[in-house]
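Student: Dropping the structure in here first, questions after.
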């Protein structure tokens with residue numbers, strides 16, 4: 001009769017996967033038998049020794065069974081995971097070796113996948129940034145751009161920027177609006193130390209940043225008293241200009257800068273993306289720079305406010321909750337008509353045009369971009385078809401190799417794993433190259449994009 005220790009060695013030698021529960025039971029029986037043998041040597045009868053051994057295990061027997069089962073299953077899972085990873089590593093090694101032996105297939109498949117993924121990523125990023133992503137303001141769905149329709153010029157300019165006096169009337173009388181703000185391009189040159197620099201600048205009313213829901217990252221925005229002629233020697237910097245010109249110095253607030261040979265005090269720095277849309281995003285004839293570096297108070301002079309022909313101001317309004325753009329336009333039409341009537345102008349010569357800010361910023365680019373996105377989806381489908389054709393052609397040419405592997409003992413599962421590993425290697429290489437092409441493509445689009453794109 002084999003002793004328990006010898007039997008345990010035999011069990012370990014022939015142990016295989018799925019034997020966890022049997023091994024746990026055998027391990028516990030081994031401990032029980034060893035304890036029985038010890039008690040028999042001490043003078044106990046076999047029956048008494050077995051009863052005493054079971055008594056000493058006591059109620060902890062079931063707990064020991066559970067713990068051993070748990071540890072055994074955990075070990076089985078670790079071993080299975082390690083075996084799967086080793087198998088995957090070996091399959092990938094064989095796949096890379098096979099791709100090196102077929103450079104034409106590998107290069108064609110990787111380039112096809114990279115071009116398809118790269119083009120798709122570029123267009124999806126562009127559509128997401130311009131069309132789908134909401135504007136970076138508080139409750140952007142309530143923001144509208146107010147332009148004016150001048151009857152005499154409608155054939156040439158369907159809409160125009162607002163007049164300064166009309167803006168003041170809108171701000172004072174529009175009950176449908178929670179707030180109204182104006183923006184005008186400014187010519188600013190940074191002078192003082194070093195060579196003069198022409199900056200992108202804008203004059204904005206003190207109500208603009210609170211209306212947009214933009215809080216300066218440093219300092220503050222403009223106060224109402226600073227939005228007056230002679231009290232407007234303060235500026236707010238954009239985040240990009242602050243980083244470029246001042247090295248992201250947090251102590252820039254309170255520093256004096258020289259603009260157009262006059263001294264201004266920096267009172268705030270905007271957060272990234274917290275400025276107004278540049279270029280023609282707020283409508284034609286506004287003429288804002290593509291990137292606004294410096295903001296000054298609007299500080300309308302009496303001459304500007306009373307000029308009947310100064311249609312130079314981009315006006316943004318925030319509608320009250322529940323107010324539709326159509327209702328706001330009806331009220332703004334009445335306000336503009338009242339201003340014209342008081343000035344002695346012909347009735348109906350001016351009216352307001354209210355457009356949601358997002359629609360104004362996207363402009364005519366939205367529909368073509370969505371069509372382009374559909375076209376890119378079709379291109380991606382063609383890429384998938386081409387890759388499928390390449391893979392089928394390669395597999396057809398490898399039938400002899402597959403037959404040799406089967407003759408050497410490889411099963412169908414092994415052949416399927418090898419094919420899957422090769423596809424995975426091609427996919428990873430194509431995805432990496434596609435992301436690189438997408439990165440370059442996005443940078444090229446940003447550099448070449450016209451000012452009409454936001």
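The rows are residues; the columns are (1) in a strand (DSSP E or B); (2) over 29 Å from residue 129 (Cβ atoms); (3) in contact with a strand residue (DSSP E or B) (Cβ under 6 Å, 6 or more places away or on another chain).
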{"position": "271", "(1), (2), (3)": "no, no, no"}
{"position": "295", "(1), (2), (3)": "yes, no, yes"}
{"position": "332", "(1), (2), (3)": "no, yes, yes"}
{"position": "351", "(1), (2), (3)": "yes, yes, yes"}
{"position": "354", "(1), (2), (3)": "yes, no, yes"}
{"position": "358", "(1), (2), (3)": "no, no, no"}
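Student: Quickly run through the stretch 37-85 and pick out the residues that are at pLDDT 75 or above and outside any helix (DSSP H, G or I).
Tutor: 42, 43, 44, 45
Student: Same structure, new question: Restricted to the stretch 207-225, and to residues that are part of a loop (DSSP other than H, G, I, E, B) and farther than 23 Å from residue 251 by Cα, which residue is nearest to the chain's Cα centre (by Cα)?
Tutor: That would be 213.
Student: Being over 31 Å from the mean Cα position of the chain (by Cα) and either farther than 28 Å from residue 364 by Cβ or modelled with pLDDT under 90 (or both) narrows it down to one of 326, 348, so name that one. Quick ask: steps written out before the conclusion?
Tutor: Numbers: 326 fails: either farther than 28 Å from residue 364 by Cβ or modelled with pLDDT under 90 (or both).
Residue meeting the stated conditions: 348.
Student: Out of 255, 203, 220, 243, report the one residue that is within 30 Å of residue 172 (Cα to Cα) and surrounded by fewer than 19 Cβ atoms within 10 Å (Cβ to Cβ). Talk me through it step by step, then tell me what you get.
Tutor: Working: 255 fails: within 30 Å of residue 172 (Cα to Cα); 203 fails: surrounded by fewer than 19 Cβ atoms within 10 Å (Cβ to Cβ); 243 fails: within 30 Å of residue 172 (Cα to Cα).
The unique qualifying residue is 220.
Student: Same structure, new question: Which of the numbered conditions does residue 107 fail, given that it passes all the others? Conditions: (1) in the same structural domain as residue 428 (by TED's automatic domain parsing); (2) touching a residue at least 24 places away in the same chain (Cβ under 8 Å); (3) under 20 Å from residue 393 (Cα atoms).
Tutor: (2)
Student: Would you check if residue 370 is touching a residue at least 40 places away in the same chain (Cβ under 8 Å), exposed (fewer than 15 other Cβ atoms within 10 Å of the Cβ), within 33 Å of the chain's Cα centre (by Cα) and not assigned by TED's automatic domain parsing to the domain that holds residue 288? If you could, list the steps in order and put the result at the bottom.
Tutor: Working: touching a residue at least 40 places away in the same chain (Cβ under 8 Å): yes; exposed (fewer than 15 other Cβ atoms within 10 Å of the Cβ): yes; within 33 Å of the chain's Cα centre (by Cα): yes; not assigned by TED's automatic domain parsing to the domain that holds residue 288: yes.
Judged against the criteria, residue 370 is a match.
Student: Going by the structure shown, is residue 432 at pLDDT 85 or above and not in a helix (DSSP H, G or I)?
Tutor: no
The values are calculated or read from the model by the stated rules, or taken from the named source; none is laboratory data. This structure is a prediction, so every number in the text was calculated from the model and none was measured. Every residue, glycine as well, gets a Cβ built from its backbone with ideal geometry; the counts of neighbours run over all protein chains shown.
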